[in-house]
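Bear in mind these aren't lab numbers, they're just calculated from the coordinates by the rules spelled out. Predicted model, so just to flag it, every value in this text is computed and none were measured. Positions of Cβ are generated from backbone atoms using ideal geometry, with glycine treated the same way; all protein chains shown enter the neighbour counts.
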Amino acid sequence: MAAADGFVVDFPTLGDIGDAWVRQHCRIPDGYRRGAEFVWSDWQFWCAAKYYQVRPGVRWQIGESGSPEPLFNQAFVYRRAQIVAPQKTGKGPWAASMACLEAVGPSQFYGWADSGDGYACSDWSCGCGWEYEYQPGEPMGMRHASPVIQLTANNEDQVGNVYRPLTAMIKLGPLSDLLFPREGFIRVAGETGGDDFDRIDAVTSSARGRLGNPISWALQDESGLYTKGNKMVAVAETQRRGAAGMNGRTIETTNAWDPSENSTAQRTWESQAPDIFKFFRIPPKGLSWGSKRDRRKILEYVYDGSPWVNLDSIEAEATELNETDPAQAERFFGNRLVYGRGSWLRDGLWEDRYAADLAS
């Protein structure tokens, strides 16, 4: 198993083949290195490895047909995940690569490898010629037979944070033979289940046409903005029910949220369900956002593992925002839970309830 800096991957996971598959098929969507292979950083690999952690010893079960059938979400330790990170750490492009993997990559458990087993793209309708050799005992991956994917955000601009890099990844690399951007959605090669299957759709508070349909996977982007007031809490809950109906899974990505709003992100973080993977790098309590020196240390801590980020640029933006809205600056860039009025959580509340769950 691979080891990321600071993270030990000593459990069975599809994260290894997923990492290799993304390098081969996904491209950097923008910037100076646009078109180069997309490589997960350490924290991105860790989150994927945990999300695709396979239950030890699981086997395909005999289905209604009398033959072994895939386990889908029941093969994995985690039913869903929450990734909390500051702005510009790369949550959007990483989520786009995960959408590609869920649509046409080895995202589903296929059994345990014997010596000589491997994954060949040619077996899964991809003509790029890529192959991957498994280690004996490594979990094997397969493509989902009928992916139904939804990318969710509060509004069209927000969902574009993932949809735009996703379409760029498709057009810049071999995925253009498997994923076909259309007007308002992306068609997945296969089309075995009619118009309602083999597709990636965007869902917002105003575009809910396919909400409630069974889905294989959903991204809920910026779930810290999902509240009862904008009706996005209900959207997220409806999506999760749709995923449960198709043995699917979901991921939330978000900045740190305002604890006064009782958002979907807050509800997920406070949930005691053992099958939710949570990643949240909260800077040491002793560092003060109001101190320029400490603020730099906070930024270095929370942006660690995102080498594309220029901390001087981030610090300049955070400092300016800090003049008018220090609470928002600390949430967005400092990755801390701060009330909108600028006060911290009640003294001791964090230590009493949440500290033990940090990046579990």
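Annotations for the structure displayed:
- Among W257, W130, sorting on how many other beta-carbon atoms sit within 10 Å of each Cβ, with the fewest leading, yields W130, W257.
- For region 275-314 versus region 118-139, the gap between their alpha-carbon centres in whole angstrom: 38
- Partner lysines for K228 [C-alpha distance under 25 Å; skip if fewer than 8 residues away on the same chain]: K91, K278
- Exposure proxy shown here: for S97, S65, the number of other Cβ atoms within 10 Å sets the order, fewest to most, as S65, S97.
- Partner lysines whose Cα lies under 21 Å from the Cα of K285, excluding those fewer than 8 positions away in the same chain, are identified as K297.
- Acute angle (nearest 10 degrees) that the helix 15-25 long axis makes with the longest principal axis of the chain, alpha-carbon atoms: 80
- Considering only the chain, percent of DSSP beta bridges that pair antiparallel, nearest 5: 45
- Note that region 54-67 has calculated 3J(HN,Hα) couplings of 9, 5, x, x, 5, 9, 4, 9, 6, x, 4, 6, x, 10 Hz, one per residue in order, obtained from phi through the Karplus relation 6.51 cos²θ - 1.76 cosθ + 1.60 (θ = phi - 60°); glycine and proline are x.
- Rounded to the nearest 20 debye, the dipole magnitude of the chain is 740 debye, with +1 charges on Lys and Arg beta carbons, -1 on Asp and Glu beta carbons, and the Cα centre as origin.
- Counted by Cβ distance under 10 Å from P12, the other residues give a net charge of -2, where Lys and Arg count +1 and Asp and Glu count -1.
- Near T13, the amide H atoms lying under 5 Å from its own belong to V54; only residues 5 or more places off or on other chains count, and H is placed 1.01 Å from N.
- Fewest-first sequence of Y119, Y52 by Cβ atoms within 10 Å of each Cβ: Y119, Y52
- Sequence-distant residues sharing a close amide H with V203 (under 5 Å, placed H): L151, T152, A153
- A helix-only calculation puts the chain at -9000 deg cm²/dmol for mean residue ellipticity at 222 nm, using -39500 (n - 2.57) for each DSSP H run of at least four residues, averaged over all residues.
- Computed from Cα positions, the angle between helix 91-104 and the longest principal axis of the chain comes to roughly 10 degrees.
- Helix 292-302 axis, angle to the chain major axis (alpha carbon atoms, nearest 10°): 10
- At 1.567 mPa s and 4 °C, Stokes D of the chain from Kirkwood alpha-carbon radius, µm² per second: 62
- For the chain, taking a cut-off of 4.7 Å between Cβ atoms, the unpaired cysteines are C26, C47, C100, C128.
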